[in-house]
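Asks: Dropping the structure in here first, questions after.
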Amino acid sequence: MQLDYQHSLNILKNSECICTESDLTQAVSRIAKQIEQEIIGEIPVFLSVMNGGMFFGANLLQKISGPFFSDYIHASRYGDETFGSSHITWYRQPKVEEIRGKVVYILDDILDEGHTLAEIKRFLINAGVKMCKLVVLIDKNIGKAKPVTADYVGLVAPNRYLFGYGMDIYGLYRQLPNIYAYNQVDSNDS
């Protein structure tokens, strides 16, 4: 979709904040404390899922005091489309020799339908990781079973189009410190 400046402003105007920066900070701190208890005696690997997971991952990892390795993984079901197919496109996988036998945490912004995260987890398990945990900031309540369950969840959100704090809408607004739900008014978003 081609957006002009006014249309992009109207998207934000036609949305409502559903998670504040304070809510998100508290959720991230809670998850960090839980993970720190689990990794005592380990040097885990944290893999942030690009692009959305980089904001959540950066904030979470700043709160982990022990030693760890960090990297990223990039797989997408969407490609250039907002609503994608079931096909997973890999842009970057971690080197197997760097994760084999290690405790690995997958960090992502949202567990929506779960197909991409299920494929990432399958890849890591097949690569021989010691343990694989899925950590998401938001678990979206979509009203049906998902192929994967998160081990750590920051917040549960309604089944709406969400953006902010790493999640985008038409490639925009990842940088917002809050999470918004889009309320589409009409095709012009006026």
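Asks: I'd like to verify a number: residues in the stretch 54-77 that are surrounded by 14 or more Cβ atoms within 10 Å (Cβ to Cβ), at pLDDT below 95 and part of a loop (DSSP other than H, G, I, E, B), how many?
Replies: The qualifying residues number 1.
Asks: Also: Exactly one condition in (1) at pLDDT below 95; (2) under 24 Å from Tyr170 (Cβ atoms); (3) not in a loop (DSSP other than H, G, I, E, B) is false for Glu81; which is it?
Replies: Of everything listed in (1) at pLDDT below 95; (2) under 24 Å from Tyr170 (Cβ atoms); (3) not in a loop (DSSP other than H, G, I, E, B), Glu81 misses just condition (3).
Asks: Let me ask something else about it. Restricting to strands (runs of 3 or more DSSP E) lying wholly in the stretch 119-190: which have 3 or more residues that are of a type outside the set (Ser, Thr, Tyr) and at negative phi?
Replies: 131-140, 152-157
Asks: Quick one: is Val136 in contact with a helix residue (DSSP H, G or I) (Cβ under 6 Å, 6 or more places away or on another chain) and at pLDDT 95 or above?
Replies: When the stated conditions are applied, Val136 does not pass them.
Asks: Is it the case that Tyr91 is over 12 Å from the mean Cα position of the chain (by Cα), modelled with pLDDT under 95 and either assigned to a loop (DSSP other than H, G, I, E, B) or buried (at least 18 other Cβ atoms within 10 Å of the Cβ) (or both)?
Replies: no
Asks: Here is a follow-up. Considering only the stretch 96-118, how many residues are touching a helix residue (DSSP H, G or I) at 6+ places or on another chain (Cβ under 8 Å) and either modelled with pLDDT under 95 or in a helix (DSSP H, G or I) (or both)?
Replies: 1
Asks: Since Asn51 meets every condition but one in (1) part of a loop (DSSP other than H, G, I, E, B); (2) within 21 Å of the chain's Cα centre (by Cα); (3) over 20 Å from Leu124 (Cα atoms); (4) in contact (Cβ under 8 Å) with a residue 40 or more places away in the chain, which condition does it not meet?
Replies: Answer for Asn51: the failing condition is (3).
Asks: Another one. I'd like to check something: does the stretch 14-24 contain any residue that is surrounded by fewer than 17 Cβ atoms within 10 Å (Cβ to Cβ) and closer than 30 Å to Ile88 by Cα?
Replies: no
The values are calculated or read from the model by the stated rules, or taken from the named source; none is laboratory data. These numbers come from a predicted model, not from an experiment. Note that each Cβ is placed from the backbone with ideal geometry, even for glycine, and that neighbours are counted across all protein chains shown.
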